[in-house]
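A quick write-up on the structure given underneath.
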Amino acid sequence: MQKLPWCGLVFLLACTPDENGTNPVPAPQPDPIVDPDPDPDPDPTPDPKGNPFATARGTVPIYGGTLALSDGRVYVADPALDNVFFAPQTLETDPVAIALPKHTEPFRIAAAGDDLYVTLRGTGEVAHLDVASQSVVATTPICAEPRGVTLTDGGLFVACASGELVELTRKLEIVRSVELASDLRDVVLEGTHLWVSTFRDASVLRVSLPDLTIVQEARPDLSTTEQPQQEPHVAWRMRAHPTSGVVLLHQGATREPIPQEQAASNGNSFNGDGESRYGGKLCDPAGAISSSHFTHVTETATTTGGANGLGNSQFDFAMGQGLVFTANGVVDGRTPPSQRIGLAIDILEVAVTQPQCVMRSFDEETVGVTITALEMASDGTMFTYSREPAVLSNGTRRVTLNAAVADGPLNTFHMQTDAFIACASCHPEGQEDGHVWEFEESGLRRTQSLAGGLADRAPFHWDGEFGSLPDLMGDVFVDRMGGAELTETDTTVLLDWLHAIPVPRSAPVDAARVAEGRALFESAGCAECHAGDALTDSQLHVVRGGSEARKTPSLLGIASRAPYMSDGCAPTLEDRMTDPQCGGGDLHGQTSTLSSDEQDVLIAYLKSL
């Protein structure tokens, strides 16, 4: 079996959404666009009795699958195909599929012998699968959106996007569920404690057993890296370190002003100083506006290493042979090898080895597809999995599980552009990174979410300067990001795909308080602007004194979208209600006279959306 050199993975680059430009009130009227079917599957999986989360979302998930290795087998969870596959690690026989109901969206896997435990993000469940019989043994609902899973001697723990950490027996009987922190991602067992990561905030929590209390909170510190201008965001994956603690793969985002240059007349992505249209220089970490980083967290230390170059959303990483490998996998075939960035991390020290600006992918066939999962065996064999097409590889053999590419919107969304940025890292999983960017022309702009019926929310951006997706893609994706020209068909397919990204489910809330909060929402005038199914009138409004008009954002999924307002001035919904300098005055709904209890029930309603 051929082992990969340290630079043998695709390392991709992405960056910020753009929220630039000015626009007079009222907002420009959107150009006519194709109105896609908001639910491409009109008959989603019905609610199983007793499962409050299981109405399937009826969409193709934007995130990738997961690989696991155990007992000589390789396992694949593919959320788009709703299957869990397994095969011998040699791939000498075709993988076997364990089929799950439509739109269950299998995500993380934990394996023990013939027993597999899989989180189902689409239906809020965890499933127990039996490899020997190739069947589903049992499923049980646990939370709005389960993500990470880890096994213990007698059971398992599941981390949920809505903040719960759930303990279950191996028979999927719920032992307890505790509210830990919002936006949980991965969970790893180490001795007498658990490590739990958060997604957008990129934090790591150490949770003691058996009482499940947080005894340590760690967040990457980029001030000691080659990108001190960045702050940490978006922790795509956390894995156990081979000796102690955990390793976190996460992004960094700049706090410095970003230029908003248009394309050069000669079509070159870089100016005479070697700067991209968004400012960063190739292989110059000091100017990088977005990078990928590894942070090693133990009980006594937190150490972060950075990438020498620009950065991109990274679905996964694998460890072995003393190094960490990372990949997103989407490299435009036009991008010359000299402009691809390589990265390796010493996993014992979490220090960056001398990075290079030359690298190659696994093989030529992976160029132009999205590698979503990695795993490395003890002998150095690297396994990769791509979504569109669905291909499993061990470096020697390749198995195609599904050749469909769905006209490529997932790959377009994650495609590295000439300026070394993509759509995905600022909109992880089609949503947002929680970061407030500063643009030289338009000031502070908080990344907006793409989830929840995007086609119904034109015009786009906080200033509403783009009346249609083709307008936005032409100006931002092509002119500023250096992306490929898209045809009308390309943008129509992309809009259909983006429109179907579901809003994250919220945790269960008190129905009576929600009803009371909804009445206040309507009586305080909030519903005048936050109207319709998308809870936006798509118009520009001034909502605080001394500020310019901004487009009304949708409130769908707002519970998971802190900080709030166009410039992120409100860390919490409570701050939005009480800070008069941050939308808390009566220009933004008649909220100044609300009592603290009335504010609480109004917030309860907002968090239910």
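From the set of residues in segment 125-162 that are aliphatic (A, V, I, L, M), assigned to a loop (DSSP other than H, G, I, E, B) and within 22 Å of the chain's Cα centre (by Cα), which is modelled with the lowest pLDDT? By that ranking, first place goes to A144.
Filtering segment 110-149 to residues that are surrounded by fewer than 21 Cβ atoms within 10 Å (Cβ to Cβ) and β-branched (V, I, T) leaves V131, V136, V137, T140.
With the requirement that a residue be over 30 Å from Q590 (Cβ atoms) and in a loop (DSSP other than H, G, I, E, B), what does segment 476-504 give you?
At the first step, the residues of segment 476-504 found to be over 30 Å from Q590 (Cβ atoms) are 476-502.
Correct list: M481, G482, G483, A484, E485, L486, T487, A500, I501, P502.
Quick check on segment 516-546: of everything there that is of a type in the set (G, A, S) and more than 31 Å from the chain's Cα centre (by Cα), which residue is surrounded by the fewest Cβ atoms within 10 Å (Cβ to Cβ)? Among those residues, the one meeting the criterion is G546.
From the list V215, V196, V234, pick out the single residue that is assigned to a strand (DSSP E or B), at pLDDT 90 or above, among the hydrophobic types (A, V, I, L, M, F, W, C) and surrounded by fewer than 15 Cβ atoms within 10 Å (Cβ to Cβ).
On the way: V196 fails: surrounded by fewer than 15 Cβ atoms within 10 Å (Cβ to Cβ); V234 fails: surrounded by fewer than 15 Cβ atoms within 10 Å (Cβ to Cβ).
None of the others qualify; the one that does is V215.
Kindly indicate the residue of segment 463-475 that is assigned to a loop (DSSP other than H, G, I, E, B) and touching an Asp or Glu at 6+ places or on another chain (Cβ under 9 Å) and also most open to solvent (accessible area, probe 1.4 Å) among those meeting that condition. Don't jump to the end; show me each part of the working.
Applying the first criterion (assigned to a loop (DSSP other than H, G, I, E, B)) to segment 463-475 yields 463-465, 467-468.
Those left that are additionally touching an Asp or Glu at 6+ places or on another chain (Cβ under 9 Å): 463, 465, 467-468.
Numbers: D463: 4, E465: 42, G467: 7, S468: 5 Å².
That would be E465.
Only one of (1) over 26 Å from the mean Cα position of the chain (by Cα); (2) open to solvent by 60 Å² or more (accessible area, probe 1.4 Å) is not met by P571, so which one is it? For P571, the failing item is (1). One residue stands out among those in segment 367-381 that are farther than 19 Å from P61 by Cα and open to solvent by less than 10 Å² (accessible area, probe 1.4 Å): the one that is modelled with the highest pLDDT, which is T381. Kindly indicate whether T578 is open to solvent by less than 20 Å² (accessible area, probe 1.4 Å) and hydroxyl-bearing (S, T, Y). In short, no. The condition (being more than 30 Å from C423 (Cβ to Cβ), without any contact (Cβ under 8 Å) to a residue 12 or more places away in the chain and either small (G, A, S) or not in a loop (DSSP other than H, G, I, E, B) (or both)) is satisfied by just one residue among G546, G517, G585: G546.
Can you tell me which of G287, G252, G272, G267 is modelled with pLDDT of 60 or more and surrounded by fewer than 24 Cβ atoms within 10 Å (Cβ to Cβ)?
Criteria check complete, one pass: G287.
Of all residues in segment 462-477, those that are on the phi > 0 side of the Ramachandran plot have Cβ atoms under 8 Å from Cβ atoms of residues that are of a type in the set (K, R), 6 or more apart or on another chain, in G464/K551. Here A507 clears all of (1) modelled with pLDDT of 85 or more; (2) within 21 Å of A559 (Cα to Cα); (3) touching a strand residue (DSSP E or B) at 6+ places or on another chain (Cβ under 9 Å) except the condition numbered (1).
The values are calculated or read from the model by the stated rules, or taken from the named source; none is laboratory data. Since the structure is predicted, the reported quantities are computational estimates derived from the model, not experimental observations. So basically every Cβ, Gly included, is an ideal-geometry build from the backbone, and we count neighbours across all protein chains shown. Please note that ligands, DNA and RNA were not included when accessible areas were found on the heavy atoms of the full protein model with its side chains. Shrake-Rupley method; radii C 1.70, N 1.55, O 1.52, S 1.80 Å.
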